[in-house]
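Chemist: Here it is, the structure, as structure tokens.
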Amino acid sequence: MTHRTDGGDAVISAFNAVGADYIFSSPGSEWAPVWESLARRHRDGLPCPRYLDLTHETVAVGMATGYGLVTRRAQGVLLHAGPGLLQGSMAVHGALLAGVPMVVTSSESITYGDGPGPDPGGQWYRNLSVVGGPHVMAAPFTKWSNQAASVHTLTTMITRGAEMAARAPAGPVYLNIPLEVLLEEWDGPDPKPVAAHGRTVSAAEDMQAVLELLAGASNPVIITETTGREAGGMAALVAFAEAMAIPVVEPGSAVCANFPRDHELHAGGEIGPFVDTADVIVLLNCRAPFYPPSRRPARAKIVVIDEVPQRPHVVYQVLNADHYLEGGVAATLRELAVRAREQGLVSGSTFRSVESAAVTTAEWKAAGTLDPVQVVATLREVIGEDSVVVDETITHSRIVQRHLRRGTPDSYFYVQGGLGQGIAVALGVKLATPDRPVVLTIGDGAFLYNPIVPSLQAARANGLPLLIVVFNNHEYRSMKMNHLRFYPRGAAVDTGEFLGNDLSDQPDLAALADPFAMHAETVERADELAPALDRALKAVRGGTTAIVNVRVSR
């Protein structure tokens with residue numbers, strides 16, 4: 001089909017070719033050409049992504065992140081000029097850390113009213129311009145950042161950006177699309193649909209060398225942060241670990257569910273016990289396994305399995321590798337498992353987990369207090385296995401990871417980057433998994449960092465109910481812990497004056513649901529917890545977001 005329209009239609013045509021389901025937008029005045037194209041396509045019954053108007057940039061980018069975590073496909077994000085990009089930049093950086101592909105765009109003027117064609121408006125000349133262009137600002141927190149200088153290259157710039165965003169390490173790209181380009185007449189053909197990218201594995205001799213190294217090991221271990229983020233990654237890791245009888249550690253830096261927590265080869269979340277005892281360590285999709293980075297294992301050979309082991313967006317990265325297997329992680333693991341079984345290769349490890357799934361809560365119930373472990377254990381029983389958990393806790397994150405015991409792909413995601421994105425990311429996950437309950441676990445400090453009003457508005461307007469469980473200790477506990485780490489006998493200990501810590505004057509968090517007619521409860525006693533969570537989940541299954549504000553003891 002040949003168009004005689006403008007750059008707005010070129011944008012929509014390109015996102016069609018990318019296969020984007022959604023365009024997440026925090027509106028700006030430059031996007032009238034895109035809105036006109038969408039209105040025309042809706043009127044004429046032509047294909048286009050679904051467009052979501054969202055009232056905060058963090059919500060727009062965060063929802064694209066959550067949706068991409070599940071679908072692993074690039075979506076479109078429209079922000080406003082340089083200021084909108086800056087407002088959304090924390091969430092864009094979070095998408096980079098989470099490895100989520102997306103094409104983020106915003107605009108500027110390049111004629112400031114002195115060129116031919118429609119008047120772009122004086123706001124660009126007075127307030128919105130950025131020296132060098134907004135693509136210069138975006139470069140440090142995106143995979144690729146550029147400007148579409150002409151309508152004739154616009155579709156290819158978008159489709160090329162989406163292809164780069166999807167390739168390892170996946171992440172956001174940014175494109176500055178000047179308003180004059182959007183308004184320029186476009187008569188190009190629809191771009192060709194973007195093909196799925198291919199997969200690779202290492203050479204056979206490299207894989208064989210690693211298999212023989214593992215077969216000769218007596219105490220090997222696999223450490224992984226993000227294998228579950230890959231399509232088929234968890235199943236492939238289970239097959240490989242079982243084939244060679246190697247335990248798997250998910251450290252505190254794990255960002256998703258990678259290996260079933262109830263599996264006998266799950267070795268918990270602490271690397272420490274293995275660093276000086278393992279003879280082979282397999283770093284599987286690990287960007288930063290050891291801390292400090294120079295903490296080299298005492299005697300272990302280190303095998304790195306990763307499509308892009310050296311992350312270009314990580315400033316300082318030390319892997320100390322002895323062997324690399326580079327290629328698609330899931331494909332590599334499947335091939336290794338097949339070869340190991342065919343050759344009868346098994347490691348000498350005798351590890352089997354003895355960690356119990358049971359959590360005893362009798363003592364807490366007797367005391368009437370709410371320990372975070374009890375909250376997580378109760379939540380696990382209430383929400384069941386079909387739910388998806390998005391986690392934006394800090395001091396309670398390891399408790400959540402350990403005691404939720406997630407065992408299926410795409411059942412747990414930890415929010416990356418700066419605090420304040422959790423609700424939006426959970427909304428995006430819900431958008432991608434409409435038939436599964438989505439639960440956000442979040443600290444009170446992190447909750448207050450979120451754009452709460454725009455996020456709850458997005459939940460109501462788009463029919464995306466969440467169960468939000470707030471772990472409320474009325475303080476920034478992590479701030480106090482770090483203060484004590486550096487000054488264990490300092491003036492703050494003497495006087496009790498811990499600055500940057502107190503949240504005792506916070507508003508009633510449950511009351512923030514009232515303007516949106518959402519379900520909300522505050523829980524202060526152990527015997528109130530399970531009934532409150534049951535009622536909240538019932539409300540969510542009925543289509544209403546629920547906030548359960550839980551006063552925890554630590």
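Every number here is computed from the coordinates shown, using simple stated rules; none is lab data. Note that the coordinates shown come from a computational prediction; the quantities given were computed from them, not determined experimentally. Methodologically, a virtual Cβ is constructed for each residue, glycine included, from the backbone with ideal geometry; neighbour enumeration extends over all protein chains shown.
Chemist: Can you work out the Karplus-derived ³J(HN,Hα) for every residue in the stretch 190-200? Use 6.51 cos²θ - 1.76 cosθ + 1.60 with θ = phi - 60°, whole Hz, and x for glycine or proline.
Modeler: Residue by residue, the stretch 190-200 yields 4, x, 5, x, 6, 7, 5, 6, x, 10, 10 Hz.
Chemist: Still on this structure, please answer the following. Which trypsin sites (Lys or Arg not before Pro) from the stretch 424-532 combine a DSSP loop assignment with at most 10 other Cβ atoms within 10 Å?
Modeler: R489
Chemist: Name the long-range amide H neighbours of V438: under 5 Å, sequence gap of 5 or more, or other chain; modelled H, no Pro or chain starts.
Modeler: Under 5 Å from the amide H of V438 lie the amide H atoms of V388, L467, each far enough along the sequence or on another chain.
Chemist: For the stretch 157-294, what does the equivalent ellipsoid look like in terms of its semi-axes, each the square root of 5 times an eigenvalue of the Cα gyration tensor, given largest first in whole Å?
Modeler: Whole-Å semi-axes of the equivalent ellipsoid: 41, 18, 14.
Chemist: Okay, moving on. Evaluate E = 1/(1 + (r/R0)^6) for R485 and D527, where r is the Cβ-Cβ distance and R0 equals 41 Å; express this FRET efficiency to the nearest 0.05.
Modeler: Computed FRET efficiency for R485 and D527: 0.70.
Chemist: What is the distance in Å between the Cα centres of the stretch 475-538 and the stretch 372-391?
Modeler: Comparing the Cα centres of the stretch 475-538 and the stretch 372-391, I get a distance of 19 Å.
Chemist: Pull out the extension gain between D53 and A235, defined as 0.36 nm times the separation in residues minus the alpha carbon to alpha carbon distance; nm, one decimal.
Modeler: Gain on stretching D53 to A235: 61.8 nm.
Chemist: Ranked from highest to lowest mean number of other Cβ atoms within 10 Å per residue, what is the order of the peptides 516-522, 159-165, 315-321?
Modeler: Going by the mean number of other Cβ atoms within 10 Å, highest first, we get 159-165, 516-522, 315-321.
Chemist: Also, quick follow-up: Expressed as an acute angle from 0 to 90° and rounded to the nearest 10, what is the orientation of the C-alpha long axis of helix 32-44 relative to the principal long axis of the chain?
Modeler: Helix 32-44 sits at roughly 90 degrees to that axis.
Chemist: A follow-up question, please. With only Lys, Arg, Asp and Glu charged, each at its Cβ (+1 for the first two, -1 for the last two), find how big the charge dipole of the chain is about the Cα centre; round to the nearest 20 debye. Could the numbers behind the result be given before it?
Modeler: On the way: 44 positive and 58 negative charges, 149 e Å.
Around 720 debye, computed over the chain.
Chemist: Here is a follow-up. I need the P(r) histogram for the stretch 200-261: all alpha carbon pairs, bin width 5 Å from 0 out to the longest distance, whole percents.
Modeler: Per 5 Å bin, starting at zero, the Cα-Cα P(r) for the stretch 200-261 comes out as 4, 17, 24, 24, 21, 10, 1 percent.
Chemist: Can you grab the distance from the C-alpha centre of the stretch 163-211 to the C-alpha centre of the stretch 90-143, Å, no decimals?
Modeler: Answer, in whole Å: 21.
Chemist: Among T153, G228, M207, whose Cα lies farthest out toward the positive end of the dipole of the stretch 133-242, if unit charges sit on the beta carbon of Lys, Arg (+1) and Asp, Glu (-1)?
Modeler: G228
Chemist: Mind jotting down the distance between the C-alpha centroids of the stretch 261-318 and the stretch 15-55, whole Å?
Modeler: 43
Chemist: For V315 and S478, what does the FRET efficiency come to when R0 = 30 Å and r is the distance between their Cβ atoms, rounded to the nearest 0.05?
Modeler: Numbers: r = 22 Å, r/R0 = 0.73.
My answer for the efficiency is 0.85.
Chemist: By how many degrees, between 0 and 90 and to the nearest 10, does the Cα long axis of helix 452-461 differ from the longest principal axis of the chain?
Modeler: Compared with the principal axis, the helix lies near 70 degrees.
Chemist: So for the pair H197, Y291, with labels modelled 7 Å out along Cα→Cβ, what separation do we get in nm?
Modeler: 2.8
Chemist: Using θ = phi - 60° and the Karplus form 6.51 cos²θ - 1.76 cosθ + 1.60, what ³J(HN,Hα) does each residue of the stretch 482-497 get, whole Hz, x for Gly and Pro?
Modeler: Per-residue couplings from phi come out as 6, 4, 5, 4, 8, 9, x, 10, x, 5, 5, 5, 5, 9, x, 8 Hz.
Chemist: Sticking with the crude label model, points 7 Å out along Cα→Cβ, report the distance from F498 to Q343 in nm, one decimal please.
Modeler: 5.3
Chemist: Once amide H atoms are built 1.01 Å from N in the peptide plane, which residues 5 or more positions from V282, or in another chain, come under 5 Å H to H?
Modeler: Counting only residues 5 or more places away or on other chains, the set is V221, I222, I223, V303.
Chemist: Which links in K143/K430; K480/K538; K143/K480 stretch past 28 Å when you go from one Cα to the other? It would help to have the intermediate numbers written out before the result.
Modeler: Numbers: K143/K430 26 Å; K480/K538 37 Å; K143/K480 35 Å.
Beyond 28 Å: K480/K538; K143/K480.
Chemist: Note down the nm distance, to one decimal, between modelled labels 7 Å out along Cα→Cβ at W35 and at A149.
Modeler: Those two pseudo-labels are separated by 3.1 nm.
Chemist: Full-extension gain between R436 and V136, please, as 0.36 nm times their residue separation minus the C-alpha to C-alpha distance.
Modeler: 104.0 nm is the gain from fully extending R436 to V136.
Chemist: Report ³J(HN,Hα) in whole Hz for each residue of the stretch 386-392, in order, from the Karplus equation J = 6.51 cos²θ - 1.76 cosθ + 1.60 where θ = phi - 60°; Gly and Pro get x.
Modeler: Couplings: 7, 7, 10, 10, 10, 10, 10 Hz.
Chemist: Also: What residues qualify as long-range amide H neighbours of H80, i.e. H under 5 Å apart, gap of 5 or more or another chain, H built at 1.01 Å from N?
Modeler: Placed amide hydrogens put L85 under 5 Å from H80.
Chemist: Separate question: Rg(Cα) of the chain divided by 2.2 N^0.38 Å?
Modeler: Cα-based Rg divided by the globular estimate yields 1.03.
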